[in-house]
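To start, the structure itself, in structure tokens.
Bear in mind that the values in this text are calculations on the coordinates, not laboratory data. Since the structure is predicted, the reported quantities are computational estimates derived from the model, not experimental observations. Note that each Cβ is placed from the backbone with ideal geometry, even for glycine, and that neighbours are counted across all protein chains shown.
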Amino acid sequence: MTSVTTPAGFTAEWLTERLREAGHSTAEVKSFVATPIGTGQMGKCIRYELDLAGADESTPRSLVGKFPSDDPLSRQTAVALRSYLKEVSFYRDLQSRLAISTPRCYHAEIDGDGPDFALLLEDMAPAVQGDQLAGCSLDVARVAMQELVGLHAPTWCDDEIRAIEWLAAGNEVSAELMRAFYRAQLPGFLGRYGARLAPDEAEIIERVADSKGPPFDPPGEPFAVVHVDYRLDNLLIEATARPPRVSVVDWQTVTVGSPLNDVCYFIGASLLRDDRLSAEDELVRAYHGGLQEAGVEGYSWGQCWEDYRRGAFAGVVMAVVASMIVQQTERGDAMFTAMAVRHSRHAIDIGADEFLG
């Protein structure tokens, strides 16, 4: 039996205790309304709208709980990949070191590597989840780049983060395991989605399996804490603000790796092709400039752009592997198709195939 608090345990009394532990010493949750939110496939989220007594202006009127997926395959996959452990550990142990905008955490617990876990997080409303299928404006993309600076710069080439066990920095063994995993999922992926791809897109996705370079080479330098799945579905966006406000969620894939993988992954996945082609140089240069302003030294623009191009296949791997290890849904099929098309086309457009060997 697990001791982790389940949704049934999120009572008014329990929520009151969490608020008081966070400094809202006179707040009392008299009752609440719980509503499922989000479209995540590895976990489920519930918004708790609170009826409060003794609250002041700083007391949150709603909070968000996150729990394991109801789907057995997704839970099994998350345990195998340590996804739940990574997310809980991010909020418990790493969040305070970073400058990226993330929800405040009021509670984080897990039983071993899971699947039982529970998070209680700040509700970022009126911000709403980004739409991977629709893409985003260039204004949102510019803010998302600066948030990545806030993630990467504080741990840039910091050897201490390599020793954090749950972050699982890559090595040659893990790189070969990921290559084998990619190869194993590739036939099923092409069987399901191949007809939706242009011939050159399907070809470069197949070529990745035999790459002698990225995306399977172990992380060298520079390295930092990376999100890995930095895309619109994992951003909470207040688009009406000027400039837009962006907060980042879903830390189930966090690891140590090449920072420019996150940059390339976001631009390739989140911008429609015409927008990407017109703004790509501007966005990457803004990220590079942000690193310099944050104190990162010795990282030239030339190296930054090459690392960016080498990161083009991170999204291809995510599209192929993730689509085969979670429960199949109609929206998931549309999302993974969009990811595969955008990332493969992106790799072709920036000539990243030269790194495949």
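Taking every DSSP helix (H) stretch of at least 4 residues in the chain, weighting each as -39,500 (n - 2.57) and dividing the sum by the residue count yields a mean residue ellipticity at 222 nm of -13500 deg cm²/dmol. Ranked from largest, the principal axis spans of the Cα set of the range 74-132 equal 32, 28, 17 Å.
The calculated Kirkwood hydrodynamic radius for the range 7-122 is 14.9 Å, given to one decimal from all distinct C-alpha pairs.
Loop-only check: which GluC sites (Glu not before Pro) in the range 37-105 are DSSP coil with at most 13 other Cβ within 10 angstrom? It would help to have the intermediate numbers written out before the result.
Values: sites: 49, 57, 87; in loops: 57.
Of the GluC sites (Glu not before Pro), the ones in loops of the range 37-105 whose Cβ has at most 13 other Cβ atoms within 10 Å are 57.
Remark on the range 105-213: Rg and Dmax equal 19.4, 49 Å (Cα only). Let me know the whole percent of all Cα-Cα pairs from the chain that are separated by more than 37 Å. So the portion of pairs separated by more than 37 Å is 18 percent. Electrostatic tally near residue 62: other residues with Cβ closer than 12 Å to its Cβ, Lys and Arg +1, Asp and Glu -1, net -2.
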